[in-house]
Amino acid sequence: MKMTNNDILIRLRYALNIKDADMVEIFRMGGIELTKAEVQKMLINPKKNTTTEVEKSEPIVNEELKVCDNFMLESFLNGLIISQRGRKETTGDDTQKPELMIKNDRSVNNVLLKKVKIALSLTSDDILDMLDEAGVRISNSELSAVLRKEGHRNYKECGDRYARNFLKGLALRYRG
């Protein structure tokens, strides 16, 4: 099953034990103003459905869910970096926004790994250990290919399986 940006937010929030108020602040640091209610709507798990048999006959549309698009997810990840490591020292013009790394839906998982790695000051060995704890073994060169810039000749797309298990390993490390 395809992992959505909302799934990533939910899993990341759980793994790092981030409170709702902190989520709002992290989004703000990343350049997006959201209310606590809006953030909570992004964290609704649409897959969990607690309807009775009678209610199942009607089509279920979750109007409460607020979809997290690629821009919002990357802004959150940028805010996470700032919250964990502080603002980057810049010289000169501070008005220039960083170029977005998420170019399309296929690059979301790669950017997730890169930005969480930066935010939490993880080494490649840390990531390999987390994946191993989650039951996935990859080589150092495979991880290196996933962490490369899109367009590099050795760049490799990070599949949902790796991203899901990375977040699972993160939860095991930070909550376990």
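The values are calculated or read from the model by the stated rules, or taken from the named source; none is laboratory data. Keep in mind it's a predicted model, so treat the numbers as computed, not measured. In this analysis, Cβ positions are derived from the backbone assuming ideal geometry, glycine residues included, and neighbour counts consider all displayed protein chains. Accessible surface areas use protein heavy atoms only, side chains included; no ligands, DNA or RNA. Shrake-Rupley method; radii C 1.70, N 1.55, O 1.52, S 1.80 Å.
Exactly one of these conditions fails for GLY169: (1) open to solvent by less than 70 Å² (accessible area, probe 1.4 Å); (2) modelled with pLDDT under 95; (3) closer than 22 Å to ILE26 by Cβ. Give me its number.
Evaluating GLY169 over (1) open to solvent by less than 70 Å² (accessible area, probe 1.4 Å); (2) modelled with pLDDT under 95; (3) closer than 22 Å to ILE26 by Cβ leaves (2) as the failure.
Identify the residue in the stretch 59-92 that is open to solvent by 100 Å² or more (accessible area, probe 1.4 Å) and over 23 Å from ASN6 (Cβ atoms) and, among all such residues, is modelled with the highest pLDDT.
Looking at residues that are open to solvent by 100 Å² or more (accessible area, probe 1.4 Å) and over 23 Å from ASN6 (Cβ atoms), I get ARG85.
Right, ALA145: in contact (Cβ under 8 Å) with a residue 12 or more places away in the chain, farther than 23 Å from PHE76 by Cα and small (Gly, Ala, Ser) or not? Let's see the steps before the verdict.
Numbers: in contact (Cβ under 8 Å) with a residue 12 or more places away in the chain: no; farther than 23 Å from PHE76 by Cα: yes; small (Gly, Ala, Ser): yes.
No.
Restricting the stretch 101-138 to residues that are of a type in the set (Gly, Ala, Ser) and open to solvent by less than 50 Å² (accessible area, probe 1.4 Å), which is nearest to THR4 (Cα to Cα)?
Here is the first cut: in the stretch 101-138, the residues of a type in the set (Gly, Ala, Ser) are 107, 119, 121, 124, 134-135.
Adding the requirement that they be open to solvent by less than 50 Å² (accessible area, probe 1.4 Å) leaves 107, 119, 124, 134.
Working: SER107: 12, ALA119: 21, SER124: 25, ALA134: 20 Å.
Step by step, filter the stretch 101-138, then rank; the result is SER107.
Pick from the stretch 17-42 the residues that are assigned to a loop (DSSP other than H, G, I, E, B) and either open to solvent by 30 Å² or more (accessible area, probe 1.4 Å) or touching a His at 6+ places or on another chain (Cβ under 9 Å) (or both): which of them is nearest to PHE76 (Cα to Cα)? Please lay out each step first, then the result.
Taking the stretch 17-42 as the starting set, the residues that turn out to be assigned to a loop (DSSP other than H, G, I, E, B) are 17-19, 30-35.
Within this subset, residues satisfying the condition of being either open to solvent by 30 Å² or more (accessible area, probe 1.4 Å) or touching a His at 6+ places or on another chain (Cβ under 9 Å) (or both) are 17, 19, 31, 33, 35.
Details: ASN17: 15, LYS19: 14, GLY31: 8, GLU33: 11, THR35: 14 Å.
Result: GLY31.
Please specify each residue of the stretch 139-149 satisfying the condition of being of a type outside the set (Ser, Thr, Tyr) and either in contact with a Gly (Cβ under 8 Å, 6 or more places away or on another chain) or open to solvent by less than 70 Å² (accessible area, probe 1.4 Å) (or both). Working first, answer last.
Looking only at the stretch 139-149, we keep the residues that are of a type outside the set (Ser, Thr, Tyr), and these are 140, 142-143, 145-149.
Those that are of a type outside the set (Ser, Thr, Tyr) and either in contact with a Gly (Cβ under 8 Å, 6 or more places away or on another chain) or open to solvent by less than 70 Å² (accessible area, probe 1.4 Å) (or both): GLU142, LEU143, ALA145, VAL146, LEU147.
Checking the structure you have, find out if any residue of the stretch 160-171 is part of a loop (DSSP other than H, G, I, E, B), basic (Lys, Arg) and free of Cβ contacts under 8 Å to residues at least 60 places away in the same chain.
Filtering the stretch 160-171 down to residues part of a loop (DSSP other than H, G, I, E, B) leaves none.
Checked the stretch 160-171: no residue is part of a loop (DSSP other than H, G, I, E, B), basic (Lys, Arg) and free of Cβ contacts under 8 Å to residues at least 60 places away in the same chain.
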